[in-house]
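**Student:** One structure is given below, represented as structure tokens, and several questions about it will come after.
The values are calculated or read from the model by the stated rules, or taken from the named source; none is laboratory data. Being a predicted model, the structure only gives us computed values, none of them experimental. Quick reminder, even Gly has a Cβ in these numbers, built from the backbone with ideal geometry, and neighbours come from all protein chains shown. Note: areas computed on protein heavy atoms with side chains; ligands, DNA, RNA excluded. Shrake-Rupley method; radii C 1.70, N 1.55, O 1.52, S 1.80 Å.
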Amino acid sequence: MPRLLLLLPSTTYRTTAFVEAARRIGVDLTVASERPSTLQAANPDGLLTLDFPHPEHAAAEAQTFARQHPIDAVVGVDDDSAVVAAAVAERLRLKGNPLPAAVAARDKHRQREILAAAHVPVPGFALHRLDEDPRELATRVVYPSVLKPLRLSASRGVIRVDNPAALVAAHARVSSILAGCDTEFLVEDFVPGYEVALEGLLVNRRLHVLALFDKPDPLDGPFFEETIYVTPSRVPAGVQEAIASCAERAARALGLVEGPIHAELRYNDRGPWLIELAARPIGGRCSAVLRFGDGVTLEELILRHALGMPIASLAREAVAAGVMMIPIPGAGVLREVRGVADAKAVPLVEDVQITAHPGERLVPFPEGSRYPGFIFARGATPGAVEAALREAHRRLAFVLA
């Protein structure tokens with residue numbers, strides 16, 4: 001039986017979905033994390049601790065493990081573990097992305113440099129240091145612009161600024177968010193337009209589009225908290241083709257060759273723009289909205305591809321589907337969530353998952369990034385699914401201290 005090395009950070013939402021997918025396809029599973037498990041001694045071939053912050057060292061640790069327990073595939077589930085997976089794959093000569101490509105996809109500045117050189121449409125950008133005088137910087141920026149950390153995810157620390165005073169204030173917030181973890185950030189041109197998210201699978205450099213999501217709520221700032229994803233997209237077929245082509249060009253330029261990608265793009269009268277591209281699947285619990293063939297999950301597709309196992313179909317189910325990342329209701333300590341049963345009773349709503357716990361402090365964007373929960377729906381049309389998600393959210397009430 002083949003052995004899969006699954007890289008699961010201790011903070012991920014993705015553990016259950018990937019472990020269940022591994023169980024369904026019938027593989028020997030080794031779960032690696034950056035923190036040791038109390039059960040590791042009792043299950044030495046099933047649990048492993050790797051040095052995630054240092055991918056090359058982690059790869060050497062995985063190689064040592066593989067001498068006793070041969071590994072047939074390695075999969076990372078988020079931005080950081082995707083880099084570790086690439087390092088392990090190179091060391092063990094497994095299917096995966098080259099390490100420089102995974103690193104470039106992880107670093108927003110390096111990604112911008114490579115894509116701009118390859119003539120992939122990206123926002124204008126410049127790298128700046130946090131110790132620069134923000135008042136002097138404010139005199140050189142073209143407005144509107146966006147301040148963006150290099151390696152944070154889920155739009156944390158991303159702030160639109162429309163004038164010098166806003167830039168100075170945003171600089172202070174970004175500096176506080178990045179304290180102790182980075183010294184640089186990007187300033188990018190704000191690109192107007194309709195935003196979509198593309199979920200894809202690279203197979204020997206060829207991009208297979210698994211789903212194209214509309215984001216019907218405008219993402220114009222000043223912060224960029226995402227809410228609703230609905231698929232199939234309602235944008236014209238020709239626009240969808242241009243978006244997919246832009247994403248594939250970006251992946252090729254970065255040197256990505258195998259595995260999942262998640263891309264954020266905008267489209268306006270000048271065509272598609274690549275806003276972000278990550279060498280990992282969609283985040284949070286959003287993947288639960290995707291089903292393929294006769295009910296196969298996104299995680300199962302990813303694992304089957306990594307292991308070289310047959311994949312019956314990459315076609316998504318025929319019905320429309322959507323997920324709402326429940327907006328953070330405010331700053332404070334969560335006391336309770338009311339109306340969950342009423343929200344679940346909305347026609348087309350399949351589930352309402354509240355992931356925040358009573359006593360947990362909720363932090364709004366841009367300092368925060370963890371949504372308090374997710375709403376899932378399926379129906380005949382994208383419009384009906386979107387309406388169901390909004391009605392379910394309307395029935396929820398978050399009580400904060």
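**Student:** For the range 216-239, does any single residue satisfy the condition of being open to solvent by less than 10 Å² (accessible area, probe 1.4 Å), part of a loop (DSSP other than H, G, I, E, B), within 22 Å of A105 (Cα to Cα) and in contact (Cβ under 8 Å) with a residue 40 or more places away in the chain? Don't jump to the end; show me each part of the working.
**Tutor:** As a first pass, look at the range 216-239 and keep what is open to solvent by less than 10 Å² (accessible area, probe 1.4 Å): 228-231.
Those still in the list that are part of a loop (DSSP other than H, G, I, E, B) too: none.
Scanning the range 216-239 turns up no residue that is open to solvent by less than 10 Å² (accessible area, probe 1.4 Å), part of a loop (DSSP other than H, G, I, E, B), within 22 Å of A105 (Cα to Cα) and in contact (Cβ under 8 Å) with a residue 40 or more places away in the chain.
**Student:** Take the conditions over 17 Å from L274 (Cα atoms), open to solvent by less than 20 Å² (accessible area, probe 1.4 Å) and among the small types (G, A, S) and apply them to A73. Does it pass? Give the steps one after another, and end with the answer.
**Tutor:** Working: over 17 Å from L274 (Cα atoms): yes; open to solvent by less than 20 Å² (accessible area, probe 1.4 Å): yes; among the small types (G, A, S): yes.
Criteria met by A73.
**Student:** Which number in (1) over 30 Å from V187 (Cα atoms); (2) touching a residue at least 12 places away in the same chain (Cβ under 8 Å); (3) assigned to a helix (DSSP H, G or I) marks the one condition that R23 misses?
**Tutor:** If we test R23 against (1) over 30 Å from V187 (Cα atoms); (2) touching a residue at least 12 places away in the same chain (Cβ under 8 Å); (3) assigned to a helix (DSSP H, G or I), just (2) comes out false.
**Student:** Only residues that are of a type outside the set (G, A, S) and in contact with a Leu (Cβ under 9 Å, 6 or more places away or on another chain): list them for the range 51-68, please.
**Tutor:** At the first step, the residues of the range 51-68 found to be of a type outside the set (G, A, S) are 51-57, 61, 63-65, 67-68.
Listed by number, the residues that qualify are F52, P55, E56, H57, E61, Q63, F65.
**Student:** Only one of these is touching a Phe, Trp or Tyr at 6+ places or on another chain (Cβ under 8 Å), farther than 30 Å from A315 by Cα and either of a type in the set (V, I, T) or open to solvent by less than 60 Å² (accessible area, probe 1.4 Å) (or both): L186, L152, L210. Name it.
**Tutor:** On the way: L152 fails: touching a Phe, Trp or Tyr at 6+ places or on another chain (Cβ under 8 Å); L210 fails: farther than 30 Å from A315 by Cα.
Just one listed residue meets the conditions, L186.
Yes or no, residue by residue, for (1) surrounded by 24 or more Cβ atoms within 10 Å (Cβ to Cβ); (2) modelled with pLDDT of 95 or more:
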| position | (1), (2) |
| --- | --- |
| D51 | no, no |
| A60 | no, yes |
| Q63 | no, yes |
| D79 | no, no |
| A87 | yes, yes |
| L94 | no, yes |
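**Student:** Now a separate question. Could you tell me whether the range 41-54 includes any residue that is in contact with a His (Cβ under 9 Å, 6 or more places away or on another chain), without any contact (Cβ under 8 Å) to a residue 60 or more places away in the chain and closer than 29 Å to A263 by Cα?
**Tutor:** Yes, the conditions are met somewhere in the range 41-54.
**Student:** Follow-up. For the range 266-286, does any single residue satisfy the condition of being at negative phi, more than 14 Å from the chain's Cα centre (by Cα), of a type in the set (V, I, T) and modelled with pLDDT of 95 or more?
**Tutor:** At the first step, the residues of the range 266-286 found to be at negative phi are 266-270, 272-283, 285-286.
From the residues that got through so far, the ones that are more than 14 Å from the chain's Cα centre (by Cα) too are 266-270, 272-274.
Next, only the ones that are of a type in the set (V, I, T) stay: none.
No, there is no match, as no residue in the range 266-286 is at negative phi, more than 14 Å from the chain's Cα centre (by Cα), of a type in the set (V, I, T) and modelled with pLDDT of 95 or more.
**Student:** Strands (runs of 3 or more DSSP E) wholly in the range 248-358 with at least 1 residues that are closer than 24 Å to V27 by Cα and open to solvent by 10 Å² or more (accessible area, probe 1.4 Å) - which ones? First the steps, then the outcome.
**Tutor:** On the way: elements: 259-268, 271-278, 320-325, 332-338, 349-354.
Passing ranges, in order: 259-268.
**Student:** What are the residues in the range 1-13 that are assigned to a loop (DSSP other than H, G, I, E, B), touching a residue at least 60 places away in the same chain (Cβ under 8 Å) and farther than 19 Å from P55 by Cβ, if any? Write out each step before concluding.
**Tutor:** Step one: of the range 1-13, the residues assigned to a loop (DSSP other than H, G, I, E, B) are 1-2, 8-13.
Next, from what is left, pick out any that are touching a residue at least 60 places away in the same chain (Cβ under 8 Å): 2, 8-9, 12-13.
Correct list: P2, Y13.
**Student:** Another question, if that's okay. Given the criteria touching a Lys or Arg at 6+ places or on another chain (Cβ under 6 Å) and over 26 Å from A279 (Cβ atoms), does P216 qualify?
**Tutor:** Details: touching a Lys or Arg at 6+ places or on another chain (Cβ under 6 Å): no; over 26 Å from A279 (Cβ atoms): yes.
It is false that P216 is touching a Lys or Arg at 6+ places or on another chain (Cβ under 6 Å) and over 26 Å from A279 (Cβ atoms).
**Student:** I've got another one for you. Return a yes/no flag: does the range 174-181 have any residue that is in contact with a helix residue (DSSP H, G or I) (Cβ under 7 Å, 6 or more places away or on another chain) and either open to solvent by less than 60 Å² (accessible area, probe 1.4 Å) or over 24 Å from E299 (Cα atoms) (or both).
**Tutor:** Residues of the range 174-181 in contact with a helix residue (DSSP H, G or I) (Cβ under 7 Å, 6 or more places away or on another chain): none.
Looking for residues that are in contact with a helix residue (DSSP H, G or I) (Cβ under 7 Å, 6 or more places away or on another chain) and either open to solvent by less than 60 Å² (accessible area, probe 1.4 Å) or over 24 Å from E299 (Cα atoms) (or both), one finds none in the range 174-181, hence no.
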